[in-house]
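Taking it in order: structure first as structure tokens, then the write-up.
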Amino acid sequence: MTRTLAPSVERPVQRIDPPARSRPPRPRKRSSPWFYMAPSLIVLGALTIGPAIFVLYSAFRNDRVLGGAGKFVGFDNFITALTNPSTQHSFLVTIAFVVVVVALELAAGFALALPLSGQTRANRFGAAIMLLPFAVTPAAAAIVFKQLLNPNFGWIGYYLGFLGLPEGTDLLSDPTTAWLMLVILDMWQWTPFIALILMAGLQSLPLEPREAAMVDGASSAQMFWHITLPQMLPFLSIAVVLRAIQAFKTFDSFKILTGGGPGDSTEIINLGIYRIGLQTFNVGLACALGVIFLVLLSLLIPLLQRVIGRRADPEEMS
């Protein structure tokens, strides 16, 4: 018996077209970033670069505010500034002030940062309280502090009377006590700044070296001197450099509290520049002093960074 095969029905072959090639998106026309940066650059140039060029230009001239147009005098202003005994005294006073306040604030800030480095609610509250002096402007703090030191109705003189100080004593009339009050005011305002930097550094230190030292029987003092302090050197260098730069710019407290007195015992270089430029109106000499001060800072701060940075280098510490 033969089977008849049914005729096969040919199905149409479906043609699969290859996917169309996606065209790459056209690059958007990006505006130049300088177009967006232009307003900020214009403001920056008008407020910083422009005055800096003017100061450098005027330093080589004998311009005066009330003396008409000046002329080019070369390095005469710089020679006068460097050979003037009062200017030399002002530079020494400024450097002494910076060294004293930075050293005291670094020690006090470290002493505050150590107990506040723990992650507790009380420590967070204490860190928030420490921000209050740092938030007060130096001029406002100096005005309030001067009223507290008033010999007639100031609170500080009144309470010091219980320690045997004569009533009505003007603490700002003596060079020693005037310097002491300036240092105390500066420490009250800027010690929290250093303490917060060091507190953040202490909170970021690894715990493994301390735990290993505790297992080996090291005391708290040994762990501080041999583990904590070497690890904190980078943070100490940051605090010292930032605070030193700010201390060199101090003007408000000296101008308001003592005005450079008694005599010239607290005459810092910023006060000298202020007197020469805005009281005697010798713009050329004031600009020359400003340039010398800028050069001094440009030499001291990198030197300080290299010295402290070398101590903070982990390779050299190992």
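Here are some notes:
- When both segment 233-276 and segment 146-192 are represented by their alpha-carbon centers, they are found 19 Å apart.
- Placing R0 at 30 angstrom, the Cβ-Cβ distance between residue 43 and residue 135 gives a FRET efficiency of 0.70 after rounding to 0.05.
- Fully extended contour minus Cα-Cα distance, from residue 183 to residue 251, at 0.36 nm per residue: 23.2 nm
- In this label model, residue 170 and residue 114 are separated by 4.2 nm, measuring between points 7 Å along each Cα→Cβ vector.
- Phi-based couplings in Hz for segment 225-239 (Karplus 6.51, -1.76, 1.60; Gly and Pro marked x): 6, 9, 10, 5, 4, x, 5, 8, 4, x, 6, 5, 5, 4, 5
- The string of couplings for segment 196-203 from the Karplus curve (6.51, -1.76, 1.60, θ = phi - 60°) is 5, 5, 5, 5, 5, x, 5, 6 Hz, one whole number per residue in order, with x for Gly and Pro.
- Accessible area of residue 243 in the full protein assembly, 1.4 Å probe (Å², nearest 10): 0
- What the Cβ-Cβ distance of residue 296 and residue 64 gives, at R0 = 22 Å and to the nearest 0.05, is a FRET efficiency of 0.30.
- Using alpha-carbon coordinates, inclination of helix 33-44 to the longest axis of the chain, degrees: 10
- Here the gap between residue 278 and residue 218, fully extended at 0.36 nm per residue and compared with their Cα-Cα distance, gives a gain of 15.6 nm.
- Contact order for the chain, expressed relative to its length and based on alpha carbon pairs under 8 Å spaced 6+ residues apart, stands at 27 percent.
- On Cα atoms only, tilt of 85-116 relative to the major axis of the chain in degrees: 50
- Expressed as a whole percent, the accessible surface of the chain that belongs to carbon and sulfur atoms is 67, based on a 1.4 Å probe.
- Among 208, 105, 267: highest mean-square fluctuation, GNM of the chain, C-alpha pairs under 10 Å: 208
- 3J(HN,Hα) couplings calculated from phi for segment 241-251 with the Karplus curve 6.51 cos²θ - 1.76 cosθ + 1.60 (θ = phi - 60°) are, in sequence order, 5, 5, 6, 5, 4, 5, 5, 5, 8, 4, 9 Hz; Gly and Pro show x.
- Here the sum of -39500 (n - 2.57) over DSSP H runs of 4 or more residues, divided by the residues of the chain, equals -20500 deg cm²/dmol at 222 nm, to the nearest 500.
- Solvent exposure of segment 75-134 amounts to 56 Å² per residue of accessible area, where only protein heavy atoms count and the probe is 1.4 Å.
The values are calculated or read from the model by the stated rules, or taken from the named source; none is laboratory data. Since the structure is predicted, the reported quantities are computational estimates derived from the model, not experimental observations. When we count neighbours, we look across all protein chains shown, and the Cβ atoms used for this are built from the backbone with ideal geometry, even at glycine. Please note that ligands, DNA and RNA were not included when accessible areas were found on the heavy atoms of the full protein model with its side chains. Shrake-Rupley method; radii C 1.70, N 1.55, O 1.52, S 1.80 Å.
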